[in-house]
Amino acid sequence: MKNNSTWENFLKPVVVLVVICIVASAALAGTNQLTAPIIKAQEEAAANAAYLEVLPEADGFEEITDFQSSNVTKALKATNGAGWVIQAYGKGFGGDVPVVVAFDSEGTILKVKFMENSETAGFGQKLADPADADGQKLAESFVGKSGTLEAGDVDMISGVTVSSKAALSAVNSAVNCFNEVALGQAAVVEEEQLTPDQALESMELTEIEIPEGLTGAWETANGTTVLRTEANGYEYETAPLDVLVELDADGNILNVWVGTDGQTAGIGDQAGGAEYLNQYKGVLGEAGLDGVDTISGATQSTRGVKKGVRKCIQAFVAMYPDCAAATAVAPEGGDAESEAASSEAAVETVTLSDEACKAVLPDATTFEAVESATSGVQAAVKADTGWVIQASAKGFGGQVPVIVGLDADGAIVGVSFPENSETAGYGAQLYEEGNESAAALAASLVGKSGEVAIGDVDAISGATISSKAVVEAVNTALSCYNEVALGQAPAADEGSEGTDLSSMSAEEARAALAPGATLTQITAPEGLTDAWQGDDGSYVLYAEDKGYEYSTKPLNVAVGFDANGAITGVWVDVSGQTAGIGDQAAGADYLGQYTGITDEAGLDGVDTIAGATESTRGVKKAVRKCIQAYAAGLAS
């Protein structure tokens, strides 16, 4: 009787549950086996329908599998010669953003279709919604275009920056694949960027004493030094940037790896990408950091990386005081710190009245001025309900001031625009009483925090430069809040990046491009406009190419080469380009990217300037001509 009770009360329920689990698992496995082929067939049918939708003239497709282009899932050639269909993807906020693109036989885009994605509902998912006007407008804006495209070439969706960039990246990947499979061009293969931990695992290391302020230090079997540190990125409180730097015996940077966990997907995590980090390779000493550009829209993260690399350079110099990095000097015009100081001096400090404060923080009753070390801040005020900060940034006609009210958590409550020196009818609209465009821009900033991009706000039509200045000033105010309210390190102005040749005459720039050399004019190679040879084996070559106003005056570009064929600098005459837009192509920030490049492949790491795409592309084409001419007949 007792045994029967044990069976009924204890063993039988267990056996029953086990049997049920086995039966259920078998049923699920069977169901999966039955449905998996059906689901796969449905997905393939949807994809095939998309292929025919974008290229309805095709009578069938031949799949091309022998390609190497990155971020492409399928390449199809129409069997009747109607064109090509390529499916690619870009990295979005919530995962991959797939796109199907149809091309004609010449590479012109015929149609773009966005497939289903995992982006945020109401934002990135607008892409795949055929009823959404913004998503369809973006898709249609690709039609008729060819070649690699920039954000300014298409109708990006306002407020959906990351997903729009992912869609643009996917289309460009499709373009790259078309160029490979249809035109026989070299494949564009993205360089895989290791994380700091992966990089350490790939090396044979010996631990050494960790310098103060760093988190790790090693010597490699090859005699290089690897240093690790943390730096302040966009979300430092939850996850700092993890920066790993490898240096040779002289202190030249060989590699930089960055862990961006905690940074915003598709924005701040660009600071860990190969395109950005490759700028650090070959940098010698802190002075060399002046040639490393930040990424627009990921300013705090990329500046954070630069600060981390600077810490590692400083530690290396302290470890090896006789190394070449210890004696490297800043480029002509001063180092980053002195330039930052002069930049700060150009921003006038002001005193905010209680009335001005209440205009952007209406529920506050008490106000107390505080000091701030953040570059670009004109005034900082602590209120009983939040903060009021005035900052300014360079516009078309001078500094553009902005007053920002923030609540205790750092979210923008209100924005006002004091008087500025911008052009009447354009940037001057900001301070015009009752101006609807200015009011819309201010309203679009309310509720935002962290870092704001120009695509996140309602910029004033026709006043792009002034609108960008407003966004930059607002970001300065948000950085100031991080300093005064959260106790974070103040955001210093990184200053002008590289030697500024823009104010030099052609003759002065020629001498600066071949420092110390005696130059003699020689016959210009075919395709160039002028050429000079130095007695030390250096060259200065000139070329023209199309800028924005080519019909009236082309861009005149001078490129210096040292005796080893490395670019020493680039000078550009932009007198025919639009002030404040195309003339950015002559700025040190942009031109500093060319220094050190030795061949055409190096031009892939040079970014164009949003809003000055034609001018900066023209400069790159002219530089390419000079590199080709040097390689063809001048290289020793």
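Brief remarks follow.
- In this label model, M319 and S575 are separated by 5.2 nm, measuring between points 7 Å along each Cα→Cβ vector.
- The distance separating the Cα centre of segment 461-485 from that of segment 98-114 comes to 37 Å.
- Extension reserve of the T349-E8 stretch, reckoned as 0.36 nm per residue once the Cα distance is removed: 114.2 nm
- Measuring against 23 Å, Cα to Cα, the residue pairs K145/K546; K306/K620; K126/K165; K281/K468; K126/K448 contain K306/K620; K281/K468 as the ones spanning a longer distance.
- Residues K126, K306, ordered by accessible area of protein heavy atoms at a 1.4 angstrom probe radius and largest first, appear as K126, K306.
- Over every Cα atom in segment 360-441, the radius of gyration and the widest Cα-Cα span, Dmax, amount to 13.5, 37 Å.
- Residues D153 and A121, FRET efficiency given R0 of 35 Å [Cβ-Cβ distance, rounded to 0.05]: 0.80
- For R303, the accessible area of its heavy atoms, probed at 1.4 Å with every protein chain present, is near 60 square angstrom.
- Cβ-Cβ FRET estimate between T195 and Q488, R0 fixed at 30 Å, reported to 0.05: 0.75
- Ordered from largest to smallest accessible area (heavy atoms of protein chains, 1.4 Å probe), the residues T351, T616 come out as T351, T616.
- These residues, D153, D458, go from largest to smallest accessible area, 1.4 Å probe, as D458, D153.
- Simple spin-label estimate for R624 and S146 in nanometres, 7 Å along Cα-Cβ: 1.4
- Phi-based couplings in Hz for segment 484-490 (Karplus 6.51, -1.76, 1.60; Gly and Pro marked x): 7, 9, 9, x, 6, 4, x
- Modelled FRET efficiency - R0 22 Å, M203 with T327, Cβ distances, 0.05 increments: 0.20
The values are calculated or read from the model by the stated rules, or taken from the named source; none is laboratory data. Note that the coordinates shown come from a computational prediction; the quantities given were computed from them, not determined experimentally. Note that each Cβ is placed from the backbone with ideal geometry, even for glycine, and that neighbours are counted across all protein chains shown. Areas reflect the complete protein model, heavy atoms only, side chains present, ligands, DNA and RNA absent. Shrake-Rupley method; radii C 1.70, N 1.55, O 1.52, S 1.80 Å.
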